[in-house]
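Below is one structure, written out as structure tokens, with a few remarks after it.
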Amino acid sequence: MWGIIGTWCMAEEGIKKASQMLENKDLASDATEAAIKEVEDYPYFKSVGYGGLPNEEMVVELDAGFMNGDNLDFGAVCGLSDFANPISIAKQLSLLQVNNVLVGEGANAYAHREGFQRKNMLTDRAKIHYHNRVKTLAKDRELTPYDGHDTVGMVALDQHGSMVSGTSTSGLFMKKKGRVGDSPIIGSGLYVDSLIGGASATGLGEDIMKGIMSYEIVMRIKAGMHPQKACETAVFDFDAYLRSKKGSAGDISVVAMDKQRRWGVASNMDNFSFVVATDECPATVYTTRREGDKMIHEKASKEWIDQYYRHRTAVLEEL
């Protein structure tokens, strides 16, 4: 029995690769790392890894987190720059007894010392996105972050009963230098316990952190909820609570899987997609929408998936 679930259609190729590994009895830790690296390495996914959108100073700062559900070991990098595959660095940090979360220059120094691949993560395409964004802003307006935030987050269960969760992102487009969202933060962007299950979140990190969303979902699973119910109640309850407190709530989307490889997904936005694969079904892309207090998941058509990739690989011209 095995399974893996990931945020957004962009996780598809990575989850296909991880599925083969899990079917061959590879470890969830290795499968999750391999799956997220597929997303990090693809230059047309503008919210993760190579080709990720830069901060307001046109620097690509990357965040990643990795958690092992067997022993709760956790590692993270925040504000990493000019290194490929931050998920691999976070995974290695999770093996340490202390110094598990490194930021900025400290994260870069560790990655360099440990021999991780140096790489200029700012692509020409990302530069065009940046310059176009600058030009579309009124001269008298402050440079504000674009509200896109497509973090890749995954939860995996292997045939040995081990579970892992991982995340990787370039964060908000035009973010302030040094800004960190929920993705590399244990309990918010990700959480997993092999005796219970795991969860990962994507959306507006500043709001997700206020609800410690991934931990909350795992605790609801622990209390006996099916992962789908745990996701729905956690997201909808907190969305309503935020709106009662401040009048609005940012995008919050979550994926989860329990130790029996039952899965769940919920979102307070309209166009969320995800990918799931288990020993019973191949990697499948779903779109989802909210109807009342329930989420309706539908298999994405080939036409929908083709359009997804056409949109992301379309020729980009500078304004």
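The values are calculated or read from the model by the stated rules, or taken from the named source; none is laboratory data. Keep in mind the model is a prediction, meaning the values are calculated, not measured. Backbone-built Cβ (ideal geometry, glycine too); neighbour counts: all protein chains shown. To get the accessible areas, we keep the full protein, side chains included, count just its heavy atoms, and leave off ligands, DNA and RNA. Shrake-Rupley method; radii C 1.70, N 1.55, O 1.52, S 1.80 Å.
Before moving on, here are some points about what is shown:
- Summing Cβ point charges (Lys, Arg +1; Asp, Glu -1) relative to the Cα centre of segment 169-319 gives a dipole of roughly 360 debye.
- Accessible-area value, residue 160, 1.4 Å probe, nucleic acids and ligands omitted, Å²: 110
- Leading residue at positive end of dipole, the chain (Cβ point charges), from 188, 83, 248: 248
- Taken one residue at a time, the phi angles of segment 309-315 give Karplus couplings (6.51, -1.76, 1.60, θ = phi - 60°) of 6, 4, 5, 7, 10, 4, 4 Hz. Gly and Pro are set to x.
- Positive-end residue of 94, 165, 272, charge dipole of the chain with Cβ unit charges: 272
- Gain in span if fully extended, residue 30 to residue 112, counting 0.36 nm per residue against the direct Cα distance: 27.3 nm
- Split the accessible area of the chain by element, probe 1.4 Å, and carbon with sulfur accounts for 50%.
- Cβ-placed point charges (K, R +1; D, E -1), dipole of segment 32-119 about Cα centre in debye, nearest 20: 180
- Compactness ratio for the chain: Cα radius of gyration over 2.2 N^0.38 Å (N = residue count) comes to 0.93.
- Cα extents for segment 1-107 along the principal axes, largest to smallest and rounded to whole angstrom: 46, 36, 17.
- For the residue pairs 175/245; 46/299; 91/210; 46/177; 127/175, alpha carbon separations beyond 20 Å are given by 175/245; 46/299; 91/210.
- What you get for the chain, charging only the Cβ of Lys and Arg (+1) and of Asp and Glu (-1), is a dipole of about 440 debye around the Cα centre.
- Solvent exposure, largest accessible area first (probe 1.4 Å, DNA, RNA and ligands not counted), of 23, 61, 303, 105: 105, 303, 23, 61
- Considering only 71, 110, 282, and ranking their Cα positions along the charge dipole of the chain that arises from unit charges at the beta-carbon of Lys, Arg, Asp and Glu, the one farthest toward the positive end is 110.
- With the whole protein complex present, residue 238 retains an accessible surface near 30 Å², based on a 1.4 Å probe.
- Residue 259 accessible area, assembled protein chains, probe 1.4 Å, Å²: 100
- Which of 2, 263 is most accessible, then next, and so on - probe 1.4 Å: 263, 2
- Accessible-area rank, largest first, for 290, 133, 310: 310, 290, 133, with all protein chains present and a 1.4 angstrom probe.
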